[in-house]
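Throughout, read-outs are computed from the coordinates displayed, never taken from laboratory work. Note that the structure is predicted; figures quoted are calculated from it, not measured. Counting neighbours? That spans all protein chains shown, and the Cβs are built from the backbone with ideal geometry, glycine included.
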Amino acid sequence: MKVKGSDAERTFDFVASGYADPQRNFLDAADDIHARLLNDGALVIRGASQCRAPGVFEKAIGALGLQTRDYVGGNSPRSTIQGKVTEATRTPSSRSVILHQEIAYVKSPPEIIAFVCVEPAGKGGESVIGDMRKLEHLVDQVTLKQVTDRGLKLRRTSPCERGVRIR
């Protein structure tokens with residue numbers, strides 16, 4: 001398998017040569033994927049269409065040496081598809097999901113999050129991917145120091161799913 005990266009788009013394209021096993025492809029590319037994640041904070045992997053099947057996706061992510069887990073503590077309306085694979089969101093397409101840190105407020109936030117596009121949207125459907133480490137450099141340093149020194153306490157009270165109406 002060859003893995004080629006495009007720095008301009010921060011994407012990896014998988015090109016299978018001799019086999020079409022996504023789990024093996026991810027295993028072969030694991031070092032490169034980890035390096036890009038550490039360096040860039042995010043990346044888009046293209047050309048792994050077999051991963052549209054939830055079980056295949058979960059195994060491919062597992063090949064990177066990452067543990068999958070349940071979506072507990074988040075506030076986006078989601079349902080489990082299979083195993084530890086959930087929907088990204090059930091937020092209606094008329095609404096947008098702003099850039100955020102995925103459940104970073106829990107005691108053990110996820111090391112990474114991974115999404116697969118099962119069915120491309122006919123219109124829209126974009127996902128904003130960002131490296132929140134870079135945001136820190138945009139915050140006024142005096143303000144950042146005050147928040148760091150004093151600590152930041154976040155308190156959320158989330159209603160049960162039945163009580164939530166999305167408009």
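Tell me, in nm to one decimal, what length is gained between VAL97 and ARG69 on full extension, where the rule is 0.36 nm per residue of separation less the Cα-Cα distance?
Gain on extension, VAL97 to ARG69, equals 7.9 nm.
Using a cut-off of 10 Å between beta-carbons, work out the net charge of the residues near THR89 (Lys and Arg +1, Asp and Glu -1, THR89 not included).
So the environment of THR89 carries a net charge of +2.
For segment 59-152, what value does the Rg/Rh ratio take when both radii are computed over Cα atoms and Rh is the Kirkwood radius, given to two decimals?
In segment 59-152, Rg relative to Rh is 1.01.
Enumerate the calculated ³J(HN,Hα) couplings along segment 90-103 in order (Karplus 6.51 cos²θ - 1.76 cosθ + 1.60, θ = phi - 60°), each rounded to whole Hz, writing x wherever the residue is Gly or Pro.
10, 4, x, 5, 6, 10, 10, 9, 6, 4, 8, 9, 5, 5
Can you list residues whose amide H is under 5 Å from ILE81's amide H, if they're 5+ apart or on another chain and H is modeled 1.01 Å from N?
Residues meeting the criterion, in which the H sits 1.01 Å from N, are THR86, GLU87.
Treat each spin label as a single point 7 Å out from the Cα along the C-beta direction, and report the LYS84 to GLN141 distance in nm.
That separation, rounded to one decimal, is 3.9 nm.
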